[in-house]
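The values are calculated or read from the model by the stated rules, or taken from the named source; none is laboratory data. Since we're looking at a predicted model, the values are computed, not measured. Neighbour counts are summed over all protein chains in view; Cβ atoms, including those assigned to glycine, are modelled from backbone coordinates with ideal geometry. The protein model used for the area step is the full one, side chains on, heavy atoms only, and it has no ligands, DNA or RNA in it. Shrake-Rupley method; radii C 1.70, N 1.55, O 1.52, S 1.80 Å.
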Amino acid sequence: MSIIEAKDITLAYDGYTAAEHVSFKLEKGDYLCVVGENGSGKSTFIKLLCKFYRPTAGKITLNGVDIWDIPNDSYFQTISAVFQDFKNFSFTVRENITMSESGDDKAVDKAVETTGLTECVEKLPNGLDTYLTRQFDTDGTELSGGQAQKLAIARAMYKGSPILVLDEPTANLDPKAESEIYMDLFSAAKDKTTIFISHRLAASSVADKIAVFCEGKIIEYGTHDSLMAQNGSYSEMYRKQSREYI
């Protein structure tokens with residue numbers, strides 16, 4: 001069981017407050033969508049969760065234990081994260097997924113299928129054993145921005161951690177592809193606690209909970225239906241984007 005909870009966390013430095021009185025609780029299998037304008041505190045929230053920043057007040061707990069009391073090696077095994085500035089490496093596609101010279105072939109195939117990379121891999125000269133870039137192999141390949149992003153997500157899925165964190169992981173995908181990959185991810189990660197940030201609200205309607213950030217605070221929190229009924233910030237963003245997609 002993985003229950004992760006933020007208890008009134010604040011992050012302040014040099015007279016600036018990046019997060020203020022943030023609280024939430026997620027049970028195993030919950031999907032949390034984090035939304036808000038640029039600079040609203042969404043990525044700060046994720047970095048606190050990943051132990052990149054330590055809160056100046058309050059705490060985040062995993063199964064009741066302060067995450068800063070959990071050894072890093074142990075805690076980082078519980079989280080798979082994909083960030084906006086993800087990196088892939090001049091290894092084979094397979095090694096980029098497993099981060100090893102060996103791995104579970106079935107788990108690799110599942111990660112490739114879940115992220116919609118099957119057709120891409122089938123077209124590569126050496127399939128999963130094709131190198132990225134030509135740094136080590138003249139038959140190496142350069143992936144498109146969207147394909148590279150999917151590969152980073154496949155790596156996170158392969159890791160198999162109980163908590164999946166996605167910080168704008170589909171920014172290079174069009175809205176239709178983004179919606180499709182989220183649906184596949186939710187199906188494959190049904191037993192994981194999933195936290196995802198996206199400016200586009202393609203997948204927010206199927207999230208168990210939605211947190212709306214503004215100036216480092218959660219100003220709205222609830223389900224898609226409850227937030228739409230409030231006619232607040234979330235409903236305004238959702239209706240505006242829906243019109244643009246239509």
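Filtered by the rule that a residue be open to solvent by 20 Å² or more (accessible area, probe 1.4 Å) and in contact (Cβ under 8 Å) with a residue 24 or more places away in the chain, the range 40-50 gives 43, 44.
Considering only residues that are touching a His at 6+ places or on another chain (Cβ under 8 Å) and either over 10 Å from residue 36 (Cβ atoms) or among the acidic types (Asp, Glu) (or both), which ones fall in the range 210-226? Hit for the range 210-226 is 210, nothing else.
Taking the criterion of being part of a loop (DSSP other than H, G, I, E, B) and touching an Asp or Glu at 6+ places or on another chain (Cβ under 6 Å), the only residue of the range 119-138 that qualifies is 125.
Limited to the range 1-18, what total is found for residues that are among the aliphatic types (A, V, I, L, M), touching a Leu at 6+ places or on another chain (Cβ under 9 Å) and open to solvent by 20 Å² or more (accessible area, probe 1.4 Å)? Don't jump to the end; show me each part of the working.
First, pick out the residues of the range 1-18 that are among the aliphatic types (A, V, I, L, M): 1, 3-4, 6, 9, 11-12, 18.
Next, from what is left, pick out any that are touching a Leu at 6+ places or on another chain (Cβ under 9 Å): 3-4, 6, 9, 11, 18.
Filter once more, keeping what is open to solvent by 20 Å² or more (accessible area, probe 1.4 Å): 3.
Number of matching residues: 1.
Residue under question is residue 58, and the condition is that it be without any contact (Cβ under 8 Å) to a residue 60 or more places away in the chain and in a strand (DSSP E or B); does it hold? Considered against the rule, which asks whether it is without any contact (Cβ under 8 Å) to a residue 60 or more places away in the chain and in a strand (DSSP E or B), residue 58 comes out as yes. Mind checking which residues of the range 119-136 are open to solvent by less than 40 Å² (accessible area, probe 1.4 Å) and at pLDDT below 90? Scanning the range 119-136 gives a single hit, 133.
Of all residues in the range 72-101, those satisfying the criterion of being part of a strand (DSSP E or B) and either open to solvent by 20 Å² or more (accessible area, probe 1.4 Å) or over 20 Å from residue 146 (Cα atoms) (or both) are 79, 81. The one condition from (1) on the phi > 0 side of the Ramachandran plot; (2) without any contact (Cβ under 8 Å) to a residue 12 or more places away in the chain; (3) not β-branched (Val, Ile, Thr) that residue 116 does not meet is (2).
If you go through the range 19-39 and keep only what is crowded, with 17+ Cβ neighbours inside 10 Å and outside any strand (DSSP E or B), you end up with just 30.
Of all residues in the range 22-37, those being over 20 Å from residue 78 (Cβ atoms) and free of Cβ contacts under 8 Å to residues at least 60 places away in the same chain number 0.
On inspection, residue 62 fails the criterion of being modelled with pLDDT of 90 or more, within 26 Å of residue 241 (Cβ to Cβ) and crowded, with 17+ Cβ neighbours inside 10 Å. Would you please name the residue that is most open to solvent (accessible area, probe 1.4 Å), looking only at residues in the range 102-118 that are part of a helix (DSSP H, G or I) and either within 17 Å of residue 162 (Cβ to Cβ) or not β-branched (Val, Ile, Thr) (or both)? Out of the qualifying residues, it is 106. If you go through the range 221-236 and keep only what is under 20 Å from the mean Cα position of the chain (by Cα) and free of Cβ contacts under 8 Å to residues at least 24 places away in the same chain, you end up with 222, 223, 224.
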